[in-house]
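Student: My structure is below; once you've seen it, I'll send some questions.
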């Protein structure tokens, strides 16, 4: 992997982590644990501009770093975030292969799957089927957040940060 690629991936991990931390400070009181999904802007961008395993690295590092900063590493919140993040990532990677699907649709689906993954883990870990009653509210809130993330990424897709400039090509 080229140094430039490693640096850009590291910057994306940092940006995603900062966005993840910032969104933890924004209370959405309608449903406990629901967030805006700002870090998913970086993840979805990475899915479209990087190799799948590089986007996965960004996803995993973001989840671990944010949980370490928030003091939730290896507790139920961490595993809910991990399961939601990985399921969402997998679905978005698969849906991206279907060329006719819009980026906004893929983003909404990723947000919906993220919520489902979190509820599944919460139900299993807490051994409480009542958690499933949160699912309709989570799904409802996932749609506008998925739209927002998808629209932002569609605008960001105009910029390919991995593209080398003429000056960089001359140096090599």
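Any read-out appearing in this document is the output of simple, stated calculations on the displayed coordinates, not a laboratory observation. Owing to the predicted nature of the structure, the values given are computational and were not obtained by experimental measurement. Cβ coordinates were reconstructed from backbone atoms using ideal geometry, including for glycine residues, and neighbour counts include every protein chain displayed.
Student: Quote the FRET efficiency, to the nearest 0.05, computed for residue 156 versus residue 98 with a Förster distance R0 of 30 Å and r equal to the Cβ-Cβ distance.
Tutor: Values: r = 21 Å, r/R0 = 0.69.
Once the sixth-power term is evaluated, E becomes 0.90.
Student: Would you calculate a helix-derived [θ] at 222 nm for the chain, using -39,500 (n - 2.57) for each DSSP H run of n ≥ 4 and dividing by the full residue count, to the nearest 500? Show your work: numbers first, answer last.
Tutor: On the way: 7 runs with 125 residues, N = 172.
Per the formula, -24500 deg cm²/dmol.
Student: What's the long-distance tail for region 59-122, i.e. % of Cα pairs beyond 20 Å?
Tutor: On the way: 630 of 2016 pairs.
Cα-Cα pairs of region 59-122 separated by over 20 Å account for 31 percent.
Student: Within a 10 angstrom radius of the beta carbon, how do 126, 139 rank from fewest other beta carbons to most?
Tutor: Arranged by neighbour count, lowest to highest, 126, 139 become 126, 139.
Student: Right, another one. Per the Kirkwood formula on distinct C-alpha pairs, the Rh of region 3-162 is how many angstrom?
Tutor: 15.7
Student: Right, something else. Got a sec? How would 121, 64 order by Cβ neighbour count within 10 Å, fewest to most? Walk me through the numbers before you get to the answer.
Tutor: Working: 121 21, 64 17.
Listing 121, 64 from fewest to most nearby Cβ atoms yields 64, 121.
Student: Let me ask something additional. Cα centroids of region 33-54 and region 62-132: how far apart, whole angstrom?
Tutor: For region 33-54 versus region 62-132, the Cα centre distance is 11 Å.
Student: Treat the count of other C-beta atoms within 10 Å as a stand-in for reagent exposure and order 72, 107, 83, 102 from fewest to most.
Tutor: Listed from fewest to most nearby Cβ atoms, that is 102, 72, 83, 107.
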